[in-house]
1. Filter segment 47-78 down to residues that are outside any helix (DSSP H, G or I) and not charged (D, E, K, R), then give me how many there are.
2. Condition check: part of a strand (DSSP E or B), touching a strand residue (DSSP E or B) at 6+ places or on another chain (Cβ under 9 Å) and surrounded by 11 or more Cβ atoms within 10 Å (Cβ to Cβ). Does I16 satisfy that?
3. Let me spell it out: the conditions are (1) more than 30 Å from A7 (Cβ to Cβ); (2) modelled with pLDDT of 95 or more, and N92 meets all of them except one. Which number is the exception?
4. What number of residues within segment 56-92 are of a type in the set (F, W, Y) and touching a helix residue (DSSP H, G or I) at 6+ places or on another chain (Cβ under 6 Å)?
5. Against the conditions (1) closer than 15 Å to T55 by Cβ; (2) exposed (fewer than 10 other Cβ atoms within 10 Å of the Cβ), where does T137 fall short? Just the number, please.
6. Report whether or not T113 is part of a strand (DSSP E or B), β-branched (V, I, T) and over 20 Å from M44 (Cα atoms).
7. Which residue out of M76, M70, M44 is in contact with a His (Cβ under 8 Å, 6 or more places away or on another chain) and at pLDDT 95 or above?
Amino acid sequence: MTKAVVALDEGLQAKIDVRQFTFTADEPPESGGTDLGPKPTEIMLSSLGACAVITAKLYAQRKGWDLQGMEVALEMERVDPTLYPDQAGNSNFLHVIRKQYTFQGELTDEQKTRLIEIAGKCPVARMLQNPVIFEDTLLSPSGA
């Protein structure tokens, strides 16, 4: 099980605790924040990218491939769903995530293609591509 605890901090900052790590999410000044950390959507994109490169590296190691380095640049855009008529559903908008990969090492085009395919099957990608169920519970405040 994966666990994170997030608490509202000053202004629009969110203090994020994951295992022994603490970091901050914030909004840029134009959105009312103080820009002391990435936006939550930027953290989500970063998580997807990190998962992709780690998954690809583990696969390349198992295969004995010469993957010396890898980078994925990600961007997300909210678009009108009529731009993608083959997508099921009746949402008012879709999110499109674009990924651009670069590799270092002696790799064939086929190996690079396979690594991109494997990266697209990382746990975070699978979580985003499949239905997610949210279960919300109201707890009493500490010390109450």
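The values are calculated or read from the model by the stated rules, or taken from the named source; none is laboratory data. A quick note: this is a predicted structure, and the numbers were derived from the prediction, not measured. A quick note on method: Cβ atoms are made from the backbone with ideal geometry, for glycine too, and the neighbour counts reach across all protein chains shown.
1. The qualifying residues number 10.
2. yes
3. With (1) more than 30 Å from A7 (Cβ to Cβ); (2) modelled with pLDDT of 95 or more applied to N92, the lone miss is (2).
4. Number satisfying all stated conditions: 2.
5. It is condition (1) that T137 fails.
6. no
7. Of M76, M70, M44, the one residue that is in contact with a His (Cβ under 8 Å, 6 or more places away or on another chain) and at pLDDT 95 or above is M76.
Here is a yes/no grid of residues against (1) out of contact with any Cys (no Cβ under 8 Å at 6 or more places or on another chain); (2) hydrophobic (A, V, I, L, M, F, W, C); (3) in the same structural domain as Y101 (by TED's automatic domain parsing):
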{"site": "D17", "(1), (2), (3)": "yes, no, no"}
{"site": "G32", "(1), (2), (3)": "yes, no, no"}
{"site": "S46", "(1), (2), (3)": "yes, no, yes"}
{"site": "T55", "(1), (2), (3)": "no, no, yes"}
